[in-house]
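First up is the structure itself, then whatever we jot down about it.
The values are calculated or read from the model by the stated rules, or taken from the named source; none is laboratory data. Model, not experiment: these values are computed from the prediction. So basically every Cβ, Gly included, is an ideal-geometry build from the backbone, and we count neighbours across all protein chains shown. We work out accessible area using only protein heavy atoms, side chains counted, and drop any ligands, DNA or RNA first. Shrake-Rupley method; radii C 1.70, N 1.55, O 1.52, S 1.80 Å.
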Amino acid sequence: MSVVDDVAVGAFPPERFRDVLSADRFARFEAEVERARRLFEGRVVWNVNSTAQGGGVAEMLRSLLAYARGAGIDARWAVIHGNPDFFRVTKRIHNNLHGAPGDGGDLGPDEAAVYRATLAEPAAELAELVRPDDVVIVHDPQPAGIVGRLRASGAVVVWRCHVGLDLPSDVARRAWRFLIPHVRPADAYVFSRAAFAWEGLDRERVVVIPPSIDAFSPKNQELDDGARDAILAAAGIVSGAPDGAAPTFVRHDGTPGRVDRRATLVEDRPLPYDAPAVVQVSRWDRLKDPIGVMEGFARHADAADAHLVLAGPAVEAVSDDPEGAEVLRATTDAWRALPARARARVHLAALPMDDGEENAAIVNALQRHARVAVQKSLAEGFGLTVAEAMWKARPVVASRIGGIQDQIVDGVSGVLVDPADLGAFGAAVTRLLADGDTARRIGREAQERVRDEFLAARHLMQYVGLVASLLARR
């Protein structure tokens, strides 16, 4: 039985970026696309991770690989299988890389044995498929243990780490020590920001490539007001929305899609359509601090008519995150403990994941409906939900941590706060709710910043440049 799944990937025409880039930027992008066609002729570019849905990495891969295929590159996506013991260990590593203890468990010989044993079969299966001229990009801690086996096959291997910590702690270094023997053989180590690069890795092989969003995906494509409202009504998130439009969107492959499934909601009563909405979209993860967001809003946001929506995926659908259900339960318990008046203005939404593009369309509509978007994470590798909300011209209040700082220019394209200062968080939300002119100005600046720095065209060009340099070095 196979322990590696092939994920079907579409093909998007790179020419669509003409609509969102300046003429100069698009000309540079076209030149890089042509170089990529020549560079990768006869080669396969493999991407390996541990899940095809749930989280920013899977979303990025789905779009980036489709643009690569549209450019004539044989780009493929492989997902490794795991088991509960393996994912408990890798979630612990994930938390530790953010400086958090997670479940407090060890990363000792027993955990190393589980990790190696689980990855032995995927590594062997992929080694049978990968050829010496191929390029393999291994994403994050879960499959990092396959790097050495694939590098020994003669392929160019890149390890891509999407998580990190600005100021490393002993907890983070513990995770580094666990992983470094597995990732050291890679030809290059890619981090989202320079501060995340680990001690003990060859600095000459460290490359910084920030993540990106796809402006044309179901999560970020333009939605008119009617479609937005109809999607939120169909998902059961708002009440009292105008009738008339259909809850439709455009799928990745250009075919029509419709929102049919409803979110699972924890609330006293539905969100009124005309109430100002403050929205955070994230996985149910302690590091996203959903309870802190809820308490900061309930206690410190002085806006009696505003409502908070905390939205995340249906937890049973995210296979590589065993803590999701536990965090959602804890958040629900904290919601029940709120005073009645505050509880009536807070809504928890577990969004359906049966159809990933339907889920993305609901997120799109929810972010476009938001008066203010927030991302008060305690730790964050990059935080693509920030760029997604910025692209929709929403003013964002977010934590001054990790890659969020690279996206938001404080006071210009968003507002940065100390994640531990709930009072400052509530005050920033209050100011943006009260001052519509400032909120709109910040939203416009946010959208332009994403256009300049965080779209997929830039991301693809950086990868082409990296692989070209590695092949030349060979």
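Side notes on the structure shown:
- Helix 324-336 axis versus longest C-alpha principal axis of the chain: approximately 10°, rounded to the nearest ten.
- Taken about its Cα centre, the chain carries a charge dipole of about 640 debye when Lys and Arg each add +1 at the Cβ and Asp and Glu each add -1 at the Cβ.
- The residues of the stretch 389-447 expose on average 36 square angstrom of accessible surface per residue, using a 1.4 Å probe on protein heavy atoms.
- The chain: calculated mean residue ellipticity at 222 nm from DSSP helix runs of at least 4, using -39500 (n - 2.57): -13000 deg cm²/dmol
- With 5 Å bins from 0: P(r) over the stretch 263-326, alpha-carbon pairs, percent: 3, 15, 24, 24, 17, 9, 5, 1
- Reduced Cα scattering model of the chain, Debye log10 I(q)/I(0), q = 0.08 Å⁻¹: -0.45
- Across the stretch 349-442, counting alpha-carbon atoms alone, Rg and Dmax equal 13.4, 39 Å.
- Here the peptides 187-194, 105-112 are ranked by packing, the mean other Cβ count within 10 Å, and the order with the highest first is 187-194, 105-112.
- Among VAL464, GLY414, GLN142 the positive-end extreme of the charge dipole of the chain (Cβ point charges): VAL464
- Solvent-free Debye scattering, log10 I(q)/I(0), computed from the Cα coordinates of the stretch 8-114 at q = 0.11, 0.12 Å⁻¹: -0.53, -0.61
- Reachable lysines, given that their alpha-carbon falls under 18 Å from the alpha-carbon of LYS288 and they are not under 8 places away in the same chain: LYS91, LYS376
- Take each peptide in 362-368, 459-465, count the other Cβ atoms within 10 Å of every residue, and average; sorted highest first, the result is 362-368, 459-465.
- Degrees separating the helix 56-70 axis from the principal Cα axis of the chain, which is the longest one: 60 degrees
- The packing ranking, built from the mean of other Cβ atoms within 10 Å per residue, places the peptides 140-146, 438-444 in the order 140-146, 438-444, highest first.
- Kirkwood Rh, Cα atoms: Rg over Rh of the stretch 101-239: 1.11
- Spatial separation of Cα centroids for the stretch 14-63 and the stretch 83-106, in angstrom: 31 Å
- Shape category assigned to the stretch 232-373 from the gyration tensor of Cα positions, a/c cut at 1.5: oblate
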